[in-house]
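The values are calculated or read from the model by the stated rules, or taken from the named source; none is laboratory data. Just so it is clear, the model here is predicted, and its values are computed rather than measured. Here the Cβ positions follow ideal geometry from the backbone for every residue, glycine too, while neighbour counts run over all protein chains shown.
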Amino acid sequence: MSSIKFGPAGMGPVKKVEKTFERYNKKGIKACEIPFTYQVYIKRKEDATRIRKAAKKFGIELSAHAPYWINLNSEDKEKIKGSEKRILDSCRAGHWLGVKRIVFHAGFYEKNSKEETYLHIKERIIGLQKEIKKNKWNVKLAPETMGKINVFGSAEEIHKLVEETGCYFCIDFAHVLAREKKIDFEKLKRLFPQKSWHCHFSGIEYNEKGEKHHKKTSEKELKELISNLPKEKNITIINESPSPVWDSTLSLKIYNQKIPAFYQHF
Ligand SMILES: [Zn+2]
C-alpha cells in the first residue's frame, strides 16, 4: 500500500480555516504545511485546536515550517539560542496543531569546514530532541535539503543526520535540482529508504551557486517528478510556488492521469 498527498504551503487566515480546508478537500488536496517561516504566528492553543479539528474533519495532513532565521552552526551563541527557540516554538505550536513534522533550514557553513558544521548541527539537533521529549511534544524535526551550495543541507548531509540522530527529513526536489543541476532519483531512494517521505516541490530559478527563487511549477517538471517518484512509499508533496494551491491541483490532475489505477488504492 502506498499513498501520495499533494498540498500547498499556506492555509490563509486562521479565522477562515474551516472554509479553506473544505475548499482544499473538494480539490482533492490532502496535505497542508503551515508556514511559520516569518514567525510562529499561531500563539493561542484555542486557535491551534480549531485548526487541528478542521484538518481532521476535511482529511488534511498538517506539517509546519519553522522560521527562516535559523542557523544551528552560528559562531554567535545568542544566534544559536534564538535559532533553537524558534524551532522549539514551532514544535510547541506544532504539537497543539497535531503536526507530526517540523521542517526547518538547519544552517550555514560559516567559516568552519563542512565536517565541523555537520557535527555542530548534529549536536544541536540532539539537544533539541531532548527538549521535545522532555515537553512530551509529539513532533519530529525534519531538516530540509537546501538549494544553495553555501548552505548546509545536501541530500547526503540530511541522510547522515537521519542516520545519526533519528530525526526525520524533508526532501525539497527543487532545492536538489538547484544544488546538483539534476535530480538523481535513484540516489535519493538509496539515501532515504524510509517508507514515508515528506517533500517539497515547485519550479525554481537557479545558477551555478544554486537556488535563486521558487517560481510557478511547469507541467513538464511535474510530469517528470511524478513519473520518477518511488511507487511503494507514502509521499507528501508540499508545493511552495507563488501559486501553491493551483500547482497542487495541477499535480493531482497529472498524477491521476499518469499513474495506473492499481497505485491509486490509498
Ligand atoms: Zn524550506
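Rundown of residues vs (1) on the phi > 0 side of the Ramachandran plot; (2) buried (at least 21 other Cβ atoms within 10 Å of the Cβ), yes/no style:
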site	(1), (2)
166	yes, no
195	no, no
209	no, no
232	no, no
251	no, yes
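Here residue 110 fulfils each of the conditions (1) modelled with pLDDT under 95; (2) in a helix (DSSP H, G or I) apart from (2). Checking the stated criteria, residue 240 turns out to be of a type in the set (Asp, Glu), surrounded by 22 or more Cβ atoms within 10 Å (Cβ to Cβ) and in contact (Cβ under 8 Å) with a residue 24 or more places away in the chain.
Say whether the condition of being within 16 Å of the ligand (Cβ to nearest atom), of a type in the set (Asp, Glu) and in contact with a strand residue (DSSP E or B) (Cβ under 7 Å, 6 or more places away or on another chain) is met by at least one residue in the range 158-174. There is at least one residue in the range 158-174 that is within 16 Å of the ligand (Cβ to nearest atom), of a type in the set (Asp, Glu) and in contact with a strand residue (DSSP E or B) (Cβ under 7 Å, 6 or more places away or on another chain). A single entry from 115, 110 fulfils the requirement of being over 21 Å from the mean Cα position of the chain (by Cα) and more than 21 Å from residue 175 (Cβ to Cβ): 115. Once the range 212-245 is narrowed to residues that are acidic (Asp, Glu) and more than 17 Å from residue 101 (Cβ to Cβ), the residue that is farthest from the ligand (Cβ to nearest atom) is 232.
The criterion of at least 1 residues that are at pLDDT 90 or above is met, among strands (runs of 3 or more DSSP E) falling completely within the range 166-266, by 196-201, 234-239. Quick check on my filter: what residues within the range 175-196 are within 16 Å of the ligand (Cβ to nearest atom) and either in contact (Cβ under 8 Å) with a residue 60 or more places away in the chain or among the hydrophobic types (A, V, I, L, M, F, W, C) (or both)? Hits for the range 175-196 are 176, 177, 178.
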